[in-house]
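Working notes, beginning with the structure itself.
The values are calculated or read from the model by the stated rules, or taken from the named source; none is laboratory data. Bear in mind that the values here come from a model prediction, so they are computed numbers and not experimental data. Using ideal geometry, Cβ is built from the backbone for each residue, glycine included, and neighbour counts are taken over all protein chains shown. Quick note on the areas: whole protein, heavy atoms, side chains included, nothing else; ligands and nucleic acids left out. Shrake-Rupley method; radii C 1.70, N 1.55, O 1.52, S 1.80 Å.
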Amino acid sequence: QVQLVESGGGLVQPGGSLRLSCAASGKIGSINTMGWYRQAPGKQRELAARISSDGSTYYADSVKGRFTISRDNARDNAKNTVSLQMNSLKSEDTAVYYCNLNDLWTARDYWGQGTQVTVSS
């Protein structure tokens, strides 16, 4: 079983910054990608940013230039961490953010429980 534990959400004013982190543990075969999806009220879940095992990144147009995704590879405790640095936040960034891991060997997707990000004055 794979577990994803997220942290770092909260309330921030427009123009502010937040950093989200996600720690993956458990029986991970081989990580294909890790990423962050978000779902605003009344909208479909969308991919915000993703990083592949080779380090290549993808960003949705709406977050390009403002968000940065990064990954720390597993070390002693077999944890893999992905972070999302969010700068110049806008009200439209308000959403529940979900960490995602895609396992290359099983092709399965794993999800975190979600963390709320609210951008409001």
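Observations, loosely collected:
- Accessible carbon and sulfur surface of the range 4-121 relative to its total accessible area, %, 1.4 Å: 44
- The Rg/Rh ratio of the range 28-121, with Rg taken over Cα atoms and Rh as the Kirkwood radius over Cα pairs, comes to 0.98.
- Rg(Cα)/(2.2 N^0.38 Å) for the range 1-58, N = residue count: 1.33
- Relative packing of peptides 12-24, 102-114 - highest average C-beta neighbours within 10 Å first: 12-24, 102-114
- Counting lysine pairs in the chain whose alpha carbons fall under 23 angstrom apart, excluding pairs fewer than 8 residues apart on the same chain, gives 4.
- Accessible surface for the chain, divided over its residues, is 54 Å² per residue with a 1.4 Å probe.
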